[in-house]
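A.B. asks: I'd like to ask you about the structure that follows.
The values are calculated or read from the model by the stated rules, or taken from the named source; none is laboratory data. Predicted model only: the values in this text are computed from it and were never measured. No Cβ is skipped: glycine too gets one built from the backbone with ideal geometry, and neighbour counts run over all protein chains shown.
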Amino acid sequence: MRIISVFTVLLCLTALCGCGAMGGAKKAKKQNPIGGRLSLHVYHPQSTSEEGVATVYHVSGKPVNVTAKPLLSSEDVLAIKTLPVDGGVGLELYLTAHGRNVWAQASSQHADRSLVLLVDGEFRTLVRVPKSSDSGAFLLRGPFYPDEAQRIADFVNKREK
């Protein structure tokens with residue numbers, strides 16, 4: 001009798017909650033219709049298993065170690081303007097008050113070091129940190145393809161603020 005009641009309870013729970021075997025139980029990952037989320041991470045040149053360090057991959061397949069938590073992200077950017085640069089398009093980023101504080105601190109702590117720019121979580125390029133910058137704007141030279149630059153700018157410029 002006890003075996004039947006445990007079985008009945010499990011059967012009822014499975015019916016109510018779903019077992020996920022039909023595939024419909026998986027939630028679709030919410031995608032941003034525009035894409036183009038930026039994040040800047042501190043670059044770690046040596047391979048490390050240090051906590052707080054993540055590995056992303058260059059398009060060549062080479063692993064690149066970065067801080068898991070970005071220094072700056074799209075949320076720290078008020079607006080982006082696209083500008084022509086040698087070989088493509090650059091992005092001029094105008095930072096929020098928080099973004100300006102973080103960038104000023106990063107430019108003093110990480111001067112002349114490289115940061116890794118990720119777009120939608122994928123390696124895009126290395127960015128050299130200036131010696132000192134308390135300006136509310138800076139240029140990512142890229143170069144980016146024109147459609148990519150516009151997609152990144154649209155991600156920030158067209159979001160709800």
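A.B. asks: Which of the following residues is free of Cβ contacts under 8 Å to residues at least 12 places away in the same chain, on the phi > 0 side of the Ramachandran plot and not hydrophobic (A, V, I, L, M, F, W, C): 88, 36, 61?
C.D. replies: 61
A.B. asks: A further question follows. Does residue 123 satisfy being outside any loop (DSSP other than H, G, I, E, B) and within 24 Å of residue 45 (Cβ to Cβ)?
C.D. replies: Taking the combined requirement at face value, the residue satisfies it.
A.B. asks: Okay, moving on. What pairs come up if the first residue lies in the range 150-161 and is closer than 12 Å to residue 73 by Cβ and aliphatic (A, V, I, L, M), the second is part of a helix (DSSP H, G or I) and modelled with pLDDT of 90 or more, and their beta carbons are under 6 Å apart, counting only those six or more places apart or on different chains?
C.D. replies: Pairs that qualify, where the first residue is closer than 12 Å to residue 73 by Cβ and aliphatic (A, V, I, L, M) and the partner is part of a helix (DSSP H, G or I) and modelled with pLDDT of 90 or more, are 156/74.
A.B. asks: Mind listing just one residue for me: the one in the range 102-115 that is touching a Leu at 6+ places or on another chain (Cβ under 7 Å) and either small (Gly, Ala, Ser) or farther than 22 Å from residue 44 by Cα (or both) and, of those, surrounded by the most Cβ atoms within 10 Å (Cβ to Cβ)?
C.D. replies: Only one residue tops the list, namely 106.
A.B. asks: Can I ask one more? Can you tell which of 42, 6, 59, 64 is in a strand (DSSP E or B), over 13 Å from the mean Cα position of the chain (by Cα) and either modelled with pLDDT of 85 or more or hydrophobic (A, V, I, L, M, F, W, C) (or both)?
C.D. replies: The match here is 64.
A.B. asks: Can you tell me which residue is surrounded by the fewest Cβ atoms within 10 Å (Cβ to Cβ) among those in the range 67-90 that are among the aliphatic types (A, V, I, L, M) and in a loop (DSSP other than H, G, I, E, B)? It would help to see each step written out before you state the result.
C.D. replies: Filtering the range 67-90 down to residues among the aliphatic types (A, V, I, L, M) leaves 68, 71-72, 77-80, 83, 85, 89.
Within this subset, residues satisfying the condition of being in a loop (DSSP other than H, G, I, E, B) are 68, 71.
Working: 68: 12, 71: 21.
The residue in question is 68.
A.B. asks: Looking only at the range 91-101, count how many residues are surrounded by fewer than 18 Cβ atoms within 10 Å (Cβ to Cβ), within 18 Å of the chain's Cα centre (by Cα) and without any contact (Cβ under 8 Å) to a residue 40 or more places away in the chain.
C.D. replies: Count: 2.
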